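The values are calculated or read from the model by the stated rules, or taken from the named source; none is laboratory data. What you see is a predicted model; the values in this text were computed from it and never measured. Cβ coordinates were reconstructed from backbone atoms using ideal geometry, including for glycine residues, and neighbour counts include every protein chain displayed. Surface areas here come from the heavy atoms of the whole protein model, side chains and all, with no ligands, DNA or RNA. Shrake-Rupley method; radii C 1.70, N 1.55, O 1.52, S 1.80 Å.
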Amino acid sequence: KKLSFKQRVEISEEIKNKSFFSFGIASVKEIEKLNILKASLLSMKRAILKLSKKPDLVLVDGIFAPQVQNKCKTIIKGDEKIKCISAASILAKVYRDKIMIKMSKKFKNYAWDKNFGYGTKQHIVGLKKYGFTTIHRKNFKPIYNMLLK
């Protein structure tokens, strides 16, 4: 959050070259069905299961951990305190941002290549003017409110 996109990309390449990692994703449907927290835990679980090396301990930012065979330890504000959690956070953010950049080519009216899908003013203007797409979450508050009207 404290780094620019360019800084995150540069650092993520360095992290990738010096570590082992994997990514897990939850679909829009899964997020809507489960809620954002449970979907995040599901994507963490998927990432852990895909790791080429199985860690003895998984450190997780926050107070909730995915249900996996590995021992997990949650750490509040772990991304500020623990280097490997900071590194994982950077990798995840860059991965997600690159997905949003790719989606911005398909859905040009939302400026996702600049706001990465977060509820910025620019994104809300796009929603109001063009409606929502198949990759928008219908339980995202601005869209949910649009559906109520």
_List the residues, sorted by chain then number, that are 5 or more residues from Thr74 or on another chain and whose placed amide H is less than 5 Å from its amide H._
Val60
_Under the span-like rule (Cα at least 27 Å along the axis, Kyte-Doolittle mean at least -1.0), DSSP H helices of the chain_ = 83-106
*Looking at Ser86, Val28, Asn145, which one has the Cα that reaches farthest to the positive end of the dipole of the chain (charges on Cβ: Lys, Arg +1; Asp, Glu -1)?*
Asn145
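Mind checking the dipole of the chain: about its Cα centre, +1 per Lys or Arg Cβ, -1 per Asp or Glu Cβ, Debye to the nearest 20? If you can, show how the numbers build up before the last one.
Values: 34 positive and 11 negative charges, 80 e Å.
About 380 debye.
Per residue, how much accessible surface does the chain expose to a 1.4 Å probe? Answer in Å², no decimals. Don't jump to the answer; show the numbers that get you there.
Values: 10440 Å² over 149 residues.
So the chain comes to 70 Å² accessible per residue, rounded to a whole number.
What number, in percent, do you get for the relative contact order of the chain if the mean sequence gap of Cα pairs under 8 Å and at least 6 apart is divided by its residue count?
Working: 153 pairs, mean separation 25.6, N = 149.
Rounded, it is 17 percent for the chain.
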*Which listed residue (Cys72, Ser40, Thr134) has the Cα farthest towards the positive end of the charge dipole for the chain, taking +1 on Lys and Arg C-beta and -1 on Asp and Glu C-beta about the Cα centre?*
Thr134
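Could you check how much of the accessible area of region 21-149 is carbon and sulfur, as a whole percent, using a 1.4 Å probe? Present the calculation step by step, with values, prior to reporting the outcome.
Details: 5140 of 8720 Å².
Accessible surface attributable to carbon and sulfur in region 21-149 totals 59 percent.
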